[in-house]
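> Here it is, the structure, as structure tokens.
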Number of protein chains: 2
Amino acid sequence: MAAPHPDLADAPLLRAARGLPAARVPVWFMRQAGRSLPEYRALRGEGSILDAIHDPELSAELTLQPVRRYGVDAAVLYSDIVVPAAAIGFGVDVTPGVGPVVSAPFRTAADLDRLRPYEPDVDAPYVGETVRLAVQELGATPLIGFAGAPFTVASYLIEGHPSRTYGHTKTMMHAEPKLWHELLDRLADMAIASLLAQVEAGASAIQLFDSWAGSLAPDVYEELVLPASAKVFAALEATGVPRIHFGVGTGELLTLMGDAGADVVGVDWRVPLDVARTRVPGKALQGNLDPAVCLAPWDVVAERTRDVLRRNAGHPGHIFNLGHGVLPELDPGVLAAVVDLVHEEGRTDGG
Amino acid sequence: MAAPHPDLADAPLLRAARGLPAARVPVWFMRQAGRSLPEYRALRGEGSILDAIHDPELSAELTLQPVRRYGVDAAVLYSDIVVPAAAIGFGVDVTPGVGPVVSAPFRTAADLDRLRPYEPDVDAPYVGETVRLAVQELGATPLIGFAGAPFTVASYLIEGHPSRTYGHTKTMMHAEPKLWHELLDRLADMAIASLLAQVEAGASAIQLFDSWAGSLAPDVYEELVLPASAKVFAALEATGVPRIHFGVGTGELLTLMGDAGADVVGVDWRVPLDVARTRVPGKALQGNLDPAVCLAPWDVVAERTRDVLRRNAGHPGHIFNLGHGVLPELDPGVLAAVVDLVHEEGRTDGG
């Protein structure tokens, strides 16, 4: 691994993640490397992301594209949360326009045999290579590595396809707690191995995506999900990289998601940042512009962007982002203008 | 209209909706008349609900089936929130397994011409007839009428199909506020006409479904949605029937949804009832068992049911329900057992 760029430690994203004032409010966008960019569509072609990421040159380039276009304060690895499960041969693919699809869903204890430990360097060496290539180009701009949180990955493996109700998952959680804990423990180890390898290869922050945790009641989350996510964050502590924890519709879970050991808690647009701040005292926040609002004319987007900044009131522990991923139909010019506006008008002198 | 049953005024559902102690904790289930019931599947057949509801005998029978099977404390009209829009010829159908689909979505001011006032007795006389037939059979059991809230109906008309992001809807809200207000005002009038006709025909409570309001930030909801819903509740006030206001993922909106003029605020499982109570002081609450949890073995369902009762702590202003609709794959025996448990163990002497 090459030595990190000397200015990386002062990167606004890394300072904000630690609650420290920075030269500007850092901004990046979930799914910034994606179909909204014409240069992405031109390079990427069709087919599963799980095939595309086997090509480190391609994946590094897709990782870098949005940094060049938008001037965002971080790159995020071009990858998917089901990569480790797919790499150990669990039988999962990502169908374009649908999401992760599992040929034989996880339903009984016998399926544990199909979840052997993930060895990043052996099972998916192309991921580390992508990180190294991207980091070389990025210089003083941080690369965010990521993994799926145990619950959200479990929900895909158990349901077999994207779900709105998580019936099989919730049944297993409640009816077979021993199997559930065993499954989540293995998925926690998988996330840990993946994240440690990404940090080793040069990622200077990580995000744990528990995208669908917001489907759970708080006491269920606390008892049956939080411990596995906390194990992931604890295992990353010694690396020293900031740890971001993200989910959608998590208003009632924000305090618990901070307690799980994150340095930064992601907030979707449903909870105003000033309200979120009261639920996650002492942590940095990430968010929280509604991605659908970005389809509106610029003056609307600008007003909603300013509203996020106003509610943050200059608190240094703020990473500007959308509340969820960039929509594929979005005009990238809008995001470029959001970046400029946040950089121009964002303050880090309050809080 | 026949005289209401003399015991109807003492119905537990109507007393709880007004915050008054009742003989038992009332319970009903959203989508209790539906595919989870074998007698429903046997009678209903395939095809659009919009065709089925043209037959009042059939629809009344489907309305009554769950009351007979479960002993719930209310029937809910077998209908759909897009019935009025369909009945005036807007061009909307309900595709089984998908939801409302609109052939020519509402996108510009010219589309206002396609939204003429809804005249229930002329446009959909079969709805009133269904209510009358069902109420005759129900005796002292209340019938809940319902309508779609202006925002949620607007989201279907604008998107053209069920959406997860509401991009077109949010763009119109923000970019064309005048058109948006005009649209919501017409949809409010449509809901008012529909609900008044249902009450006139014998419904003794109403529910306004703003199912997807939880996709909005609170300040956006307050400015661009709440006034139209408040107009609906205000127009129903003189009828004296309890008014229930429901949405999914509305943790941050509960206070505002109460402010809109409801007597009862529906809560999904994401917000524990004791927390919800602090956000909606002085109103009755409805909810909030997770429908997906009902797929688990009975001891799990029983424990989660008891948890709802425990958190309500005997407050008389509680109508037990799921946090969203019954899942089609659910074993109806489970719901029957939930009703029994709530009736046996629910208390109305606390609060």
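The values are calculated or read from the model by the stated rules, or taken from the named source; none is laboratory data. Quantities reported herein were computed from a predicted structural model and do not represent experimental measurements. Cβ atoms come from the backbone with ideal geometry, glycine included; neighbour counts cover every protein chain shown. Side chains are part of the model used for accessible areas, which takes the heavy atoms of the whole protein and leaves out ligands, DNA and RNA. Shrake-Rupley method; radii C 1.70, N 1.55, O 1.52, S 1.80 Å.
> Return the residues of the stretch A:268-287 that are open to solvent by less than 10 Å² (accessible area, probe 1.4 Å) and of a type in the set (S, T, N, Q); say none if nothing qualifies.
Listed by number, the list holds a single entry, A:Q286.
> Take the residues of the stretch A:168-196 that are surrounded by 22 or more Cβ atoms within 10 Å (Cβ to Cβ) and more than 14 Å from every other protein chain (Cβ to nearest Cβ): which is nearest to A:P117 (Cα to Cα)?
Among those that are surrounded by 22 or more Cβ atoms within 10 Å (Cβ to Cβ) and more than 14 Å from every other protein chain (Cβ to nearest Cβ), it is A:M190.
> Against the condition within 18 Å of B:I206 (Cβ to Cβ), in contact (Cβ under 8 Å) with a residue 60 or more places away in the chain and among the β-branched types (V, I, T), how does B:T108 come out, does it pass?
When the stated conditions are applied, B:T108 does not pass them.
> Could I ask something else about it? Hey, which of the helices (runs of 4 or more DSSP H) in the stretch B:15-121, taking only ones fully inside, have at least 3 residues that are under 30 Å from B:A154 (Cβ atoms) and of a type in the set (A, V, I, L, M)?
Values: elements: B:38-44, B:49-52, B:56-70, B:83-87.
Correct list: B:49-52, B:56-70, B:83-87.
> Next question, about the same structure. In the stretch A:309-351, how many are within 14 Å of chain B (Cβ to nearest Cβ) and touching a residue at least 24 places away in the same chain (Cβ under 8 Å)?
Looking only at that region, the number is 12.
> Please determine whether any residue of the stretch B:150-159 is more than 19 Å from the chain's Cα centre (by Cα) and under 29 Å from B:L77 (Cβ atoms).
yes
> Residues of the stretch A:1-18 being surrounded by 18 or more Cβ atoms within 10 Å (Cβ to Cβ) and at pLDDT 95 or above, which ones?
A:A11, A:P12, A:L13, A:L14, A:R15, A:A16, A:A17
> Can you confirm whether B:G167 is more than 20 Å from B:P84 (Cβ to Cβ) and out of contact with any strand residue (DSSP E or B) (no Cβ under 6 Å at 6 or more places or on another chain)?
Working: more than 20 Å from B:P84 (Cβ to Cβ): yes; out of contact with any strand residue (DSSP E or B) (no Cβ under 6 Å at 6 or more places or on another chain): yes.
Against the criterion (more than 20 Å from B:P84 (Cβ to Cβ) and out of contact with any strand residue (DSSP E or B) (no Cβ under 6 Å at 6 or more places or on another chain)), B:G167 qualifies.
> While we're here: Evaluate the following for B:P328: is it within 30 Å of B:A197 (Cβ to Cβ), open to solvent by 10 Å² or more (accessible area, probe 1.4 Å), touching a Gly at 6+ places or on another chain (Cβ under 7 Å) and not in a helix (DSSP H, G or I)?
yes
> In the set A:V232, A:V241, A:V225, which member is out of contact with any strand residue (DSSP E or B) (no Cβ under 9 Å at 6 or more places or on another chain), aliphatic (A, V, I, L, M) and in contact (Cβ under 8 Å) with a residue 40 or more places away in the chain? Working first, answer last.
On the way: A:V232 fails: out of contact with any strand residue (DSSP E or B) (no Cβ under 9 Å at 6 or more places or on another chain); A:V241 fails: out of contact with any strand residue (DSSP E or B) (no Cβ under 9 Å at 6 or more places or on another chain).
Of A:V232, A:V241, A:V225, the one residue that is out of contact with any strand residue (DSSP E or B) (no Cβ under 9 Å at 6 or more places or on another chain), aliphatic (A, V, I, L, M) and in contact (Cβ under 8 Å) with a residue 40 or more places away in the chain is A:V225.
> For A:A292, state whether it is crowded, with 21+ Cβ neighbours inside 10 Å and either within 14 Å of chain B (Cβ to nearest Cβ) or without any contact (Cβ under 8 Å) to a residue 24 or more places away in the chain (or both).
yes
> So is A:R347 surrounded by 15 or more Cβ atoms within 10 Å (Cβ to Cβ), part of a loop (DSSP other than H, G, I, E, B) and at negative phi or not?
yes
> Tally the residues that are within 14 Å of chain A (Cβ to nearest Cβ) and open to solvent by 20 Å² or more (accessible area, probe 1.4 Å), restricting the search to the stretch B:199-217.
Residues of the stretch B:199-217 that are within 14 Å of chain A (Cβ to nearest Cβ), as a first pass: B:211-217.
The next check asks that each one be open to solvent by 20 Å² or more (accessible area, probe 1.4 Å); those that pass are B:212.
So the answer is 1.
> Another question about this same structure. Which of the residues spanning the stretch B:75-122 are aromatic (F, W, Y) and within 18 Å of B:D185 (Cα to Cα)?
Passing the criteria: B:F90, B:F106, B:Y118.
> Within the stretch A:248-276, track down each residue that is away from chain B (no Cβ under 13 Å), more than 14 Å from the chain's Cα centre (by Cα) and not in a helix (DSSP H, G or I).
A:A260, A:G261
> Across the stretch A:219-247, what is the total count of residues that are part of a loop (DSSP other than H, G, I, E, B) and either surrounded by 22 or more Cβ atoms within 10 Å (Cβ to Cβ) or of a type in the set (A, V, I, L, M, F, W, C) (or both)?
The number of residues fulfilling the criteria is 4.
> Scanning the stretch A:155-165 for residues that are away from every other protein chain (no Cβ under 14 Å) and buried (at least 24 other Cβ atoms within 10 Å of the Cβ), which turns out farthest from A:P66 (Cα to Cα)?
Ranking the qualifying residues of the stretch A:155-165, first place goes to A:L157.
> Here is a further query. Does the stretch B:54-97 hold any residues that are more than 30 Å from B:V339 (Cβ to Cβ) and not acidic (D, E), and which are they?
Scanning the stretch B:54-97 gives B:H54, B:P84, B:A85, B:A86, B:A87, B:I88, B:G89, B:F90, B:G91, B:V92, B:T95.
> Moving on to the next point. If I filter the stretch B:275-283 for residues that are closer than 25 Å to B:A33 by Cβ and aliphatic (A, V, I, L, M), do I get at least one hit?
Checked the stretch B:275-283: no residue is closer than 25 Å to B:A33 by Cβ and aliphatic (A, V, I, L, M).
> Something else now. Could you tell me whether the stretch A:182-204 includes any residue that is within 14 Å of A:F151 (Cα to Cα) and in contact with a Gly (Cβ under 7 Å, 6 or more places away or on another chain)?
Yes, the stretch A:182-204 contains a residue that is within 14 Å of A:F151 (Cα to Cα) and in contact with a Gly (Cβ under 7 Å, 6 or more places away or on another chain).
> Sort out which residues of the stretch A:253-267 are free of Cβ contacts under 8 Å to residues at least 40 places away in the same chain and either surrounded by fewer than 22 Cβ atoms within 10 Å (Cβ to Cβ) or in contact with a strand residue (DSSP E or B) (Cβ under 7 Å, 6 or more places away or on another chain) (or both), and write them in order of number.
A:L254, A:T255, A:G258, A:D259, A:A260, A:G261, A:V265
> So, one more: For the stretch A:40-50, what are the residues that are open to solvent by 50 Å² or more (accessible area, probe 1.4 Å) and over 10 Å from A:P328 (Cβ atoms)? Show your work before the answer.
Going through the stretch A:40-50, the residues open to solvent by 50 Å² or more (accessible area, probe 1.4 Å) turn out to be A:41-43, A:46.
Correct list: A:A42, A:L43, A:E46.
> Kindly indicate the residue of the stretch B:51-97 that is charged (D, E, K, R) and without any contact (Cβ under 8 Å) to a residue 12 or more places away in the chain and also least open to solvent (accessible area, probe 1.4 Å) among those meeting that condition.
Residue satisfying both the conditions and the ranking: B:D51.
> Taking the stretch A:295-307 as the region of interest, how many residues are open to solvent by less than 10 Å² (accessible area, probe 1.4 Å) and more than 9 Å from chain B (Cβ to nearest Cβ)? Explain how you work it out, then say what you get.
Residues of the stretch A:295-307 open to solvent by less than 10 Å² (accessible area, probe 1.4 Å): A:296, A:301-302, A:305.
When the remaining residues are screened for being more than 9 Å from chain B (Cβ to nearest Cβ), the result is A:302, A:305.
Residues that pass the stated criteria total 2.
> Against the condition touching a helix residue (DSSP H, G or I) at 6+ places or on another chain (Cβ under 7 Å) and facing chain A (nearest Cβ under 10 Å), how does B:E222 come out, does it pass?
So B:E222 fails the test.
> Taking interchain pairs and intrachain pairs at least six residues apart, which have beta carbon atoms under 7 angstrom, with the first residue in the stretch A:150-162 and in a helix (DSSP H, G or I) and the second of a type in the set (S, T, Y) and open to solvent by 10 Å² or more (accessible area, probe 1.4 Å)?
A:T152/A:S211; A:S155/A:S163; A:S155/A:Y166; A:E159/A:Y166
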